[in-house]
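Colleague: Dropping the structure in here first, questions after.
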Amino acid sequence: MANYTKSSPYAYTQINKAGYLDILSIRSITAEDDDILYEIEPQYTYRPDLLAYDLYGSSKLWWVFANRNMDTIKDPVFDFIPGKAIYLPKQSNLREDLGV
């Protein structure tokens, strides 16, 4: 049986009796007043993992952008295009949401 870290998008998803992940329980990322409105730059085209690494020091937090911007990002990779404006949670707010 797999155990997922607090920073994983699957941390709250149940594991069924056969040992497989059940239906995804989406983790919410709280919208805060001090979130930064950011326009995706060309070097991050289709690469939310690179932006996550540059901002938060971990490429594994790529999913945070999709969860925080559900109204703008439907596909977490192919909707990550230059010129698209998204909100970026501050690292302190993100740590609080993830419980780390």
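The values are calculated or read from the model by the stated rules, or taken from the named source; none is laboratory data. Because the structure is predicted, anything quoted here is derived from the model rather than measured. Here Cβ is always computed from backbone atoms with ideal geometry, including for glycine, and neighbour counts include all displayed protein chains.
Colleague: State whether the residues of the range 90-100 include one that is modelled with pLDDT under 95, among the small types (Gly, Ala, Ser) and not in a loop (DSSP other than H, G, I, E, B).
Modeller: Checked the range 90-100: at least one residue is modelled with pLDDT under 95, among the small types (Gly, Ala, Ser) and not in a loop (DSSP other than H, G, I, E, B).
Colleague: Can you tell me which residue in the range 1-55 is surrounded by the most Cβ atoms within 10 Å (Cβ to Cβ), limited to those that are part of a strand (DSSP E or B) and touching a Phe, Trp or Tyr at 6+ places or on another chain (Cβ under 8 Å)?
Modeller: Checked the range 1-55; the qualifying residue surrounded by the most Cβ atoms within 10 Å (Cβ to Cβ) is 38.
Colleague: While we're here: Name the residues in the range 24-45 that are polar (S, T, N, Q) and more than 14 Å from the chain's Cα centre (by Cα), would you?
Modeller: 43, 45
Colleague: Still on this model: Select from the range 90-100 the residues that are hydrophobic (A, V, I, L, M, F, W, C) and surrounded by fewer than 19 Cβ atoms within 10 Å (Cβ to Cβ) and list them in ascending order.
Modeller: 98, 100
Colleague: While we're on this one: If a residue must be closer than 20 Å to residue 96 by Cβ, among the charged types (D, E, K, R) and in contact with a Leu (Cβ under 9 Å, 6 or more places away or on another chain), how many such residues does the range 32-56 contain?
Modeller: Within the range 32-56, residues that are closer than 20 Å to residue 96 by Cβ, among the charged types (D, E, K, R) and in contact with a Leu (Cβ under 9 Å, 6 or more places away or on another chain) number 1.
Colleague: Can you name every residue in the range 35-58 that is touching a helix residue (DSSP H, G or I) at 6+ places or on another chain (Cβ under 8 Å) and over 18 Å from residue 70 (Cα atoms)?
Modeller: Once the filter is applied, which keeps residues that are touching a helix residue (DSSP H, G or I) at 6+ places or on another chain (Cβ under 8 Å) and over 18 Å from residue 70 (Cα atoms), the range 35-58 yields 43, 44, 50, 53, 55, 56, 58.
Colleague: Does any residue in the range 18-46 that is closer than 17 Å to residue 72 by Cβ come within less than 8 Å, Cβ to Cβ, of a residue that is exposed (fewer than 11 other Cβ atoms within 10 Å of the Cβ) six or more places away or on a different chain, and which pairs are these?
Modeller: 37/85; 38/85; 39/83; 39/85; 40/83; 40/85; 46/78
Colleague: Can you tell me how many residues in the range 59-89 are of a type in the set (Gly, Ala, Ser) and either crowded, with 18+ Cβ neighbours inside 10 Å or part of a loop (DSSP other than H, G, I, E, B) (or both)?
Modeller: Residues meeting the conditions: 2.
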